[in-house]
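Student: Pasting a structure below so you can have a look.
The values are calculated or read from the model by the stated rules, or taken from the named source; none is laboratory data. On a predicted model such as this, the values are computed, not experimentally measured, just so you know. Backbone-built Cβ (ideal geometry, glycine too); neighbour counts: all protein chains shown.
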């Protein structure tokens with residue numbers, strides 16, 4: 001999304017964003033109906049899912065820790081695609097990414113908010129809140145992509161700051177899930 005925005009402009013990044021966000025509906029649906037059944041069947045199994053989710057987030061934090069903190073924004077060899085192609089690419093990229101499902105599975109159960117509402121409804125509420133927040137963030141990134149890329153190119157330590165921010169967020173969410 002950022003690459004398309006930097007190279008081809010805001011609207012191209014936005015097309016990719018809408019595809020990515022739309023793909024979240026599939027993950028939310030799978031989670032809502034699959035995990036809801038598990039929660040109804042066993043509190044112990046639900047705790048195990050939350051524990052595995054928290055461990056997965058710690059694993060992601062570790063992977064980020066081990067990764068390089070440099071950001072490369074080269075615009076060489078970026079083909080120009082239509083809005084439809086970018087939407088489709090974003091959608092397929094999201095739906096086929098098992099990490100999104102695992103992240104939803106790790107993240108959402110810790111934020112169920114009602115004993116009286118069905119878990120399916122709660123998962124959809126959480127899914128749509130996630131999609132709305134992601135849409136705002138990704139759209140802002142697409143809109144500000146030129147400024148952001150100029151800033152990243154001129155401040156080499158941004159990668160390290162973003163790296164540590166990711167680590168703190170992943171570990172914070174893991175702790176929150178367990179609490």
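Student: Residues of region 149-167 being in contact (Cβ under 8 Å) with a residue 60 or more places away in the chain and within 21 Å of residue 58 (Cβ to Cβ), which ones?
Tutor: 160, 162, 163, 166, 167 - these are the residues of region 149-167 that are in contact (Cβ under 8 Å) with a residue 60 or more places away in the chain and within 21 Å of residue 58 (Cβ to Cβ).
Per-residue answers, yes or no, for (1) surrounded by 12 or more Cβ atoms within 10 Å (Cβ to Cβ); (2) in a helix (DSSP H, G or I); (3) on the phi > 0 side of the Ramachandran plot; (4) touching a helix residue (DSSP H, G or I) at 6+ places or on another chain (Cβ under 6 Å):
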residue: 120; (1), (2), (3), (4): yes, yes, no, yes
residue: 126; (1), (2), (3), (4): yes, yes, no, yes
residue: 142; (1), (2), (3), (4): yes, yes, no, yes
residue: 146; (1), (2), (3), (4): yes, yes, no, no
residue: 156; (1), (2), (3), (4): no, no, no, no
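Student: To continue, here is another question. Being exposed (fewer than 14 other Cβ atoms within 10 Å of the Cβ) and more than 27 Å from residue 151 (Cβ to Cβ) is the filter; apply it to region 60-98 and report the residue that is modelled with the highest pLDDT.
Tutor: 84
Student: Still on this structure, please answer the following. Looking at 19, 53, which one is surrounded by 18 or more Cβ atoms within 10 Å (Cβ to Cβ), in contact (Cβ under 8 Å) with a residue 60 or more places away in the chain and within 11 Å of residue 105 (Cα to Cα)?
Tutor: Working: 19 fails: within 11 Å of residue 105 (Cα to Cα).
Of the residues listed, the single one that is surrounded by 18 or more Cβ atoms within 10 Å (Cβ to Cβ), in contact (Cβ under 8 Å) with a residue 60 or more places away in the chain and within 11 Å of residue 105 (Cα to Cα) is 53.
Student: Could you count how many residues in region 129-148 are closer than 21 Å to residue 11 by Cβ, within 20 Å of the chain's Cα centre (by Cα) and without any contact (Cβ under 8 Å) to a residue 40 or more places away in the chain?
Tutor: 5
Student: Let me ask something else. Return the total of residues in region 104-118 being farther than 12 Å from residue 28 by Cβ and surrounded by 15 or more Cβ atoms within 10 Å (Cβ to Cβ).
Tutor: So the answer is 5.
Student: Condition first: more than 15 Å from the chain's Cα centre (by Cα) and over 26 Å from residue 116 (Cβ atoms). Now tell me which residues in region 4-44 satisfy that.
Tutor: Listed by number, the residues that qualify are 4, 5, 6, 7, 8, 9, 10, 11, 12, 13, 14, 15.
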